[in-house]
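The values are calculated or read from the model by the stated rules, or taken from the named source; none is laboratory data. As the structure is a computational prediction, the values presented were derived from the model and not from experiment. Positions of Cβ are backbone-derived with ideal geometry, glycine not excepted, and every protein chain shown enters the neighbour counts.
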Amino acid sequence: MSSALSASRPARTAASRPARTALTGSPAAPDLSGRAVVVLHAHPDDEAIFTAATMRRLADRGARVVLVMATGGELGEQLAPLRPGESVHGRRLAELEAAAELLGVSRLVLLGRRDSGMMGWPSARHPRALARGRTDRLARRLAEVIDAERADTVLHYDDRGIYGHPDHVAVHRIGALAAAMTGAVSYEATVDRDHLRGRGGTHLIDAASGHTGDYGRAGYEIPVRLSATDAELAAKRAAMAAHASQIAPAAVGGDGFADTYRHEWYLTSHARGILTELAATPS
Ligand SMILES: [Zn+2]
């Protein structure tokens, strides 16, 4: 199942893609017209929490941002009451579409798997639960999107799924395998736990991890840190706020928002790549 936010898809050939910008030390912002990046996430709201500023910057520089959402987030909490006749799935999809538009997403692809819930929950045994899905089949579907878009880069999660959620770990496996299948450069979203602890731990991931603090990576392990401009941060705040059923207003309205959410962090084994360039050239 998939839906397109925009039917416009620029026609292009592989030959028309510009060569990757070299890391010359120049502060000039790269023009990413003709480039495409596929961003894989587990649940609606993850894209806003972990990669919103990156997606906004990619789109602003001309890249085509393709968001692939693995599940409908069926087991998320409901902070806002459903409207008459509205389903959790429908609400979360509407929130996702609003956030995607705020972040400049050109195409939204839904993999149609079901939220597995946290480790040990019976929901993980549901036949459509993402954590039960075959990694090779799902990676093939992602690879087909990467190939169809002629994307050279895929974003997914670190090998612990940032904080251990079974669906996030599945996203890591699927993303890593699809990158290997296609040759796309892989960036794994994580968080800098040293930074977040130093800032008081108000990031949503602190609660999601059960206050164990067991999430992300130590700062020195993370090679790529993208710091949002004020405009990018505003887009991120709006995208998070669009997920009103999942994210309380207090999480996006406080003075500490910028300190906590301005940065986005990525692991990669590639010395060069689109996010490495972007992180080095803030607007
Ligand atoms: Zn999630």
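Could you list, in sequence order, all residues of region 252-283 that are aliphatic (A, V, I, L, M) and in contact with a Phe, Trp or Tyr (Cβ under 9 Å, 6 or more places away or on another chain)?
So in region 252-283, the residues aliphatic (A, V, I, L, M) come out as 252, 258, 267, 271, 274-275, 278-280.
Of everything in region 252-283, those that are aliphatic (A, V, I, L, M) and in contact with a Phe, Trp or Tyr (Cβ under 9 Å, 6 or more places away or on another chain) turn out to be Val252, Leu267, Ile274, Leu275, Ala279.
Residues to consider are Met69, Met119; find the one that is surrounded by fewer than 20 Cβ atoms within 10 Å (Cβ to Cβ) and within 16 Å of the ligand (Cβ to nearest atom). I'd like the intermediate steps shown before the answer.
Numbers: Met69 fails: surrounded by fewer than 20 Cβ atoms within 10 Å (Cβ to Cβ).
Selected residue: Met119, the only one of Met69, Met119 that is surrounded by fewer than 20 Cβ atoms within 10 Å (Cβ to Cβ) and within 16 Å of the ligand (Cβ to nearest atom).
Residues to consider are Glu264, Glu221; find the one that is of a type in the set (D, E, K, R), within 19 Å of the chain's Cα centre (by Cα) and modelled with pLDDT of 90 or more.
Details: Glu221 fails: within 19 Å of the chain's Cα centre (by Cα).
Selected residue: Glu264, the only one of Glu264, Glu221 that is of a type in the set (D, E, K, R), within 19 Å of the chain's Cα centre (by Cα) and modelled with pLDDT of 90 or more.
Checking Gly210 against (1) within 16 Å of the ligand (Cβ to nearest atom); (2) in a loop (DSSP other than H, G, I, E, B); (3) under 21 Å from Glu101 (Cα atoms); (4) not basic (Lys, Arg), which single condition isn't satisfied?
(3)
Does region 95-107 contain any residue that is among the charged types (D, E, K, R) and assigned to a strand (DSSP E or B)?
The initial filter retains those residues of region 95-107 that are among the charged types (D, E, K, R), namely 95, 97, 101, 107.
Now drop any that are not assigned to a strand (DSSP E or B), which leaves 107.
Yes, because at least one residue in region 95-107 is among the charged types (D, E, K, R) and assigned to a strand (DSSP E or B).
Yes or no, residue by residue, for (1) in contact with a strand residue (DSSP E or B) (Cβ under 8 Å, 6 or more places away or on another chain); (2) of a type outside the set (Val, Ile, Thr); (3) touching a residue at least 24 places away in the same chain (Cβ under 8 Å):
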position	(1), (2), (3)
Leu204	no, yes, yes
Leu226	yes, yes, yes
Ala231	no, yes, yes
Ala235	no, yes, yes
Gly253	no, yes, no
Thr268	yes, no, yes
Glu277	no, yes, yes
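Please verify whether region 77-88 includes one or more residues that are within 13 Å of the ligand (Cβ to nearest atom), in contact (Cβ under 8 Å) with a residue 24 or more places away in the chain and in a loop (DSSP other than H, G, I, E, B). Working first, answer last.
Within region 77-88, the first condition is being within 13 Å of the ligand (Cβ to nearest atom), and the residues that meet it are 77.
Of the ones still in play, those that are also in contact (Cβ under 8 Å) with a residue 24 or more places away in the chain are 77.
Now narrow it down to the ones that are in a loop (DSSP other than H, G, I, E, B): 77.
Yes, region 77-88 contains a residue that is within 13 Å of the ligand (Cβ to nearest atom), in contact (Cβ under 8 Å) with a residue 24 or more places away in the chain and in a loop (DSSP other than H, G, I, E, B).
Which condition breaks for Gly164 when tested against (1) closer than 21 Å to Val224 by Cβ; (2) in contact (Cβ under 8 Å) with a residue 12 or more places away in the chain?
Status for Gly164: all satisfied but (1).
If you check Leu233 against the conditions, is it surrounded by 24 or more Cβ atoms within 10 Å (Cβ to Cβ), closer than 15 Å to Ala52 by Cβ and of a type in the set (A, V, I, L, M, F, W, C)?
In short, no.
Does Leu40 satisfy being on the phi < 0 side of the Ramachandran plot, touching a strand residue (DSSP E or B) at 6+ places or on another chain (Cβ under 8 Å) and among the aliphatic types (A, V, I, L, M)?
Working: on the phi < 0 side of the Ramachandran plot: yes; touching a strand residue (DSSP E or B) at 6+ places or on another chain (Cβ under 8 Å): yes; among the aliphatic types (A, V, I, L, M): yes.
Taking the combined requirement at face value, the residue satisfies it.
As an exercise: evaluate Ala242 against (1) within 16 Å of the ligand (Cβ to nearest atom); (2) among the hydrophobic types (A, V, I, L, M, F, W, C); (3) surrounded by fewer than 22 Cβ atoms within 10 Å (Cβ to Cβ) and give the number of the one condition it does not meet.
(3)
In this structure, is His126 over 29 Å from Leu196 (Cβ atoms), surrounded by 17 or more Cβ atoms within 10 Å (Cβ to Cβ) and modelled with pLDDT under 95? Talk me through it step by step, then tell me what you get.
On the way: over 29 Å from Leu196 (Cβ atoms): yes; surrounded by 17 or more Cβ atoms within 10 Å (Cβ to Cβ): yes; modelled with pLDDT under 95: yes.
Yes, satisfied.
Can you name the residue in region 148-166 that is under 13 Å from Val39 (Cα atoms) and surrounded by 22 or more Cβ atoms within 10 Å (Cβ to Cβ) and is also nearest to the ligand (Cβ to nearest atom) among such residues?
Initial filter on region 148-166 (under 13 Å from Val39 (Cα atoms)): 149, 151-157.
Those left that are additionally surrounded by 22 or more Cβ atoms within 10 Å (Cβ to Cβ): 151, 153-157.
Details: Ala151: 22, Thr153: 21, Val154: 17, Leu155: 14, His156: 12, Tyr157: 9 Å.
Across region 148-166, the extreme among qualifying residues is Tyr157.
If you check every pair at least six apart or on different chains, which have Cβ atoms under 9 Å apart with a residue in region 32-55 that is touching a residue at least 12 places away in the same chain (Cβ under 8 Å) and near the ligand (Cβ under 9 Å from one of its atoms) first and a residue that is small (Gly, Ala, Ser) and in a strand (DSSP E or B) second?
The qualifying pairs are His41/Ala70; His41/Ala189; Ala42/Ala70; His43/Ala70; Asp46/Ala189; Phe50/Ala189.
Just checking, which of Val145, Val171 is under 27 Å from Ala53 (Cβ atoms), at pLDDT 95 or above, surrounded by 21 or more Cβ atoms within 10 Å (Cβ to Cβ) and away from the ligand (no atom under 16 Å from the Cβ)? Reasoning before the result, please.
Working: Val171 fails: away from the ligand (no atom under 16 Å from the Cβ).
Answer to the selection: Val145.
Specify the residue that is nearest to Ala218 (Cα to Cα); the eligible residues are those in region 127-142 that are among the small types (Gly, Ala, Ser) and within 16 Å of the ligand (Cβ to nearest atom). Spell out how you get there, then give the answer.
Narrowing region 127-142 to residues among the small types (Gly, Ala, Ser): 129, 131, 133, 139.
Filter again for within 16 Å of the ligand (Cβ to nearest atom), leaving 129, 131, 133.
On the way: Ala129: 31, Ala131: 26, Gly133: 30 Å.
For region 127-142, the residue satisfying everything is Ala131.
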